[in-house]
């Protein structure tokens, strides 16, 4: 596996990889890799001739009171994991390379970014959309792979790519890969390492309560009542705050009061200890 730290080096190496007509799959990450990330690498490797992974802790998607400085950085360990999984190229730019002096542009995606994490983390998805657009332009992959765990992020990226004509011919497809979970159901996340042993045990309540809520909605229980019960279960288990627990249209992310005939998604964000966890699960239409 080769590593590029400058845009000129990246473009030289990607041109070499695709010179025989080979396809490139991009897996954007912020590092601190775990099994979920490696599942994305495998999906890209299965679909494309070469995999390009990026590791960049993007400052523009962190709010003023969020954990940018504390976010784990382990480039050497992550590089070894990527190489072991068959990644061909690592793009690991500095902040100065990604946002050179005088950088003054940003992308805002309305609609799908308005609620949920977009409401509780103002400006977050502007930072996500901008950096992902830059990654698409820099790498020019044939396909790009994102985890469904960050479902709203995936919706924002798909909308941005569609609206800015990035999906053809530059990126043929944006692939959502199902969430990878621990044995007790908790979604894998780099933030799980922040949990104390007591909080980690209690965190398993999140996926369990979500599955129970989905079953109740499927049985016809009123959605608002079910979501109140979900929040109560989390607070009773030791979560200190529920930012949101909402049923939404799986495409537009418009909140739903009734499960209709379209695909829906249950989205939840809640805090336990000092850690904010997010999760989502598919809800089959009525």
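Here are some notes:
- Among residues of the stretch 277-286 being in contact with a helix residue (DSSP H, G or I) (Cβ under 9 Å, 6 or more places away or on another chain) and modelled with pLDDT under 95, the one that is surrounded by the fewest Cβ atoms within 10 Å (Cβ to Cβ) is 284.
- Residue within the stretch 21-40 that is more than 22 Å from the chain's Cα centre (by Cα), over 23 Å from residue 125 (Cβ atoms), assigned to a strand (DSSP E or B) and touching a residue at least 40 places away in the same chain (Cβ under 8 Å) present: no
- Each residue in the stretch 184-223 was checked for being in contact (Cβ under 8 Å) with a residue 60 or more places away in the chain, under 25 Å from residue 283 (Cα atoms) and surrounded by fewer than 16 Cβ atoms within 10 Å (Cβ to Cβ), and 2 pass.
- Residue 156 being closer than 28 Å to residue 43 by Cα, touching a helix residue (DSSP H, G or I) at 6+ places or on another chain (Cβ under 7 Å) and not in a loop (DSSP other than H, G, I, E, B): yes
- For the stretch 92-141, filtering for residues that are part of a helix (DSSP H, G or I), touching a strand residue (DSSP E or B) at 6+ places or on another chain (Cβ under 9 Å) and farther than 18 Å from residue 56 by Cα leaves 3.
- Considering each residue of the stretch 193-204 in turn, none proves to be within 20 Å of residue 126 (Cβ to Cβ) and assigned to a loop (DSSP other than H, G, I, E, B).
- Some residue of the stretch 237-249 being buried (at least 20 other Cβ atoms within 10 Å of the Cβ), part of a loop (DSSP other than H, G, I, E, B) and in contact with a helix residue (DSSP H, G or I) (Cβ under 8 Å, 6 or more places away or on another chain): yes
- Residues (part of a loop (DSSP other than H, G, I, E, B), surrounded by 19 or more Cβ atoms within 10 Å (Cβ to Cβ) and touching a helix residue (DSSP H, G or I) at 6+ places or on another chain (Cβ under 8 Å)) located in the stretch 41-83: 56, 58
The values are calculated or read from the model by the stated rules, or taken from the named source; none is laboratory data. Keep in mind the model is a prediction, meaning the values are calculated, not measured. Here the Cβ is made from the backbone with ideal geometry for all residues, glycine too, and neighbour counts use every protein chain on show.
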